[in-house]
Ligand SMILES: [Zn+2]
């Protein structure tokens, strides 16, 4: 065997498989691990750079299978917020949204976003298919490995726009064709966002048809379900039905019981999901270690408000009689006194508005403006043209711990790779953007002792890699890629909080991506050793 370039000595190795940690040495040559043993011979190690890992845990780089980000990977190739947490691979394109196939109404949406957020001309969006987008990312370079799902909402928007009509046979055929094209380009599966337009207008048949294609290709079906709150039971039934009827391996995205009146449904979730697994259904789930979600501020509206896309939605909000109906529906659905206080404004595109309201909750903003909370919501939506995102405190710690304890649940961020400065910075993001993985290890392993270190690492590495078919990543073994994270299990912690989120975690010494040092002592290096990953690299 050729001599290694790099050897970790005296490391506590947690290899991702869940087996007990062991003290030993790991050797890396170029982009792969070439040896892992209690003691490697001095002869073999000759000439290699040696890293004394005494008192440190060496684990596979974390695999974040629930990521977002469409233009951000092009706007800032550093992926700083992810790699600094120890994430070496992310799967984007969740919840139905991908920047491909970039055609029709989907192109219009992204051209506007590219101009509003980054000042780009439409000509900069010079791709259409998944494969062209991947080429673009490869040309730009990336600091972490990136794989993608094909978003159902994007497919539907490309083919049919943002209408709520059922798709005719021609539309269905075109969607099938575009999905196959995306899967052939290397997408790891299909994602749905059935709570968002236009995914929310799709029938079971439309989804099952596409999930069937995934099943035949061995690709995954992931779902942000229609409801994670009041209609949780029917949404779980719908997801499991797709899994059962099509045979597609299935992933339930950010599993939760949202809104206090639904917290008791944890018993239903526990019973139903464990029974379905005993019945042999092949599904998993992911979850971020926080009790607040984050999405568009306008997600509080009923589905009919979105029909036809943003222009139509804005018209409805501008029409006083329609907006009165919307206000009444939102109030009827959310009678709790603290409903508005639990919504904190996160990203705002409009500059003056951003300075005034980001980080504040909707009840505060209403008081500040001396208007009803819905009126404050309406003003923000109109002025910021529906681009505002928010953080919704709607979950409880007990249910979070229960979900994280289930053996089929992976840890994932649901966040876009952002930086604390530069074009991808957001004024008041969800702290999961910079804290997910260290928080799992600090709070739920070290402090709460919910899981062993080995099991938590498995849920952050080997389990997601196996489930998503990410070849040769997620474990430390000879032949695997040298995606590695070296950290102090006694001190690793998230520093980002809901009131001060733009903070990197601490306690991580080094992160390697494909054998290249990408983070050293909390500093992100300009390594750009990441790759665009394609399904079927080995699982063919
Ligand atoms: Zn989602």
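The simple Förster model, with R0 at 22 Å and r as the Cβ-Cβ distance, assigns residue 517 and residue 2 a FRET efficiency of 0.65. Starting from the 7 Å offset along Cα-to-Cβ, what nm value, one decimal, do you get for the label separation of residue 455 and residue 169? Here the answer is 5.3 nm between the modelled labels. Under the definition of Cα pairs under 8 Å and six or more residues apart, what whole-number percent is the relative contact order of segment 296-393? RCO, segment 296-393: 36 percent. Calculated FRET efficiency, residue 338 to residue 22, Cβ-Cβ distance, R0 = 30 Å: about 0.05 to the nearest 0.05.
For the chain, relative contact order (Cα pairs under 8 Å, six or more residues apart, normalised by length) works out to 22 percent.
Note on residue 360 and residue 230: their simple-model spin labels are 2.9 nm apart, each label 7 Å out from Cα toward Cβ. Once the C-beta distance of residue 525 and residue 350 is scaled by a Förster radius of 45 Å, the resulting FRET efficiency is 0.85 to the nearest 0.05.
Remark: spin-label model distance residue 472-residue 446 equals 3.4 nm, labels positioned 7 Å along the Cα→Cβ axis. Counting only Cα atoms, segment 119-255 measures 44, 31, 30 Å along its principal axes, largest extent leading.
Annotation: average projected area of segment 425-470 is 4.3 square nanometres, based on the convex hull of Cα atoms across all directions.
Compute the helix-to-body angle for 130-140: its Cα long axis versus the longest principal axis of the chain, expressed 0 to 90° and rounded to tens. Its long axis makes an angle of about 60 degrees. Full extension of the chain between residue 117 and residue 177 gives 18.5 nm of extra length, using 0.36 nm per residue less the Cα-Cα distance. Residue 282 label point, 7 Å along Cα→Cβ, cut-off 20 Å on backbone N: hits in segment 175-191? Within reach of a label on residue 282, which here means backbone N under 20 Å from a point 7 Å along Cα→Cβ, segment 175-191 contributes 180, 183-191. The radius of gyration of the Cα set in segment 398-540, together with its Dmax, comes out at 15.7, 46 angstrom.
Stretched out straight at 0.36 nm per residue, the stretch from residue 52 to residue 401 would grow longer than its current Cα-Cα span by 122.2 nm.
If each residue of separation counts as 0.36 nm, what is the full-extension length gain between residue 367 and residue 103 once their alpha-carbon separation is subtracted?
Net length gain for the segment: 90.8 nm.
Over all Cα atoms in segment 296-393, the spread is summed up by Rg and Dmax: 12.4, 33 Å. For q values of 0.23 Å⁻¹, compute log₁₀ I(q)/I(0) with the Debye formula on a Cα-only model of segment 8-72, without solvent. Reported log10 I(q)/I(0), two decimals: -1.00.
From its DSSP helices (H runs of at least four residues, each -39,500 (n - 2.57)), the chain gives a residue-normalised ellipticity at 222 nm of -10000 deg cm²/dmol. Mean projected area of the Cα convex hull of the chain, taken over all directions, amounts to 23.3 nm².
Read-outs: derived from the displayed coordinates by stated rules, not from any lab. Keep in mind the model is a prediction, meaning the values are calculated, not measured. Here Cβ is always computed from backbone atoms with ideal geometry, including for glycine, and neighbour counts include all displayed protein chains.
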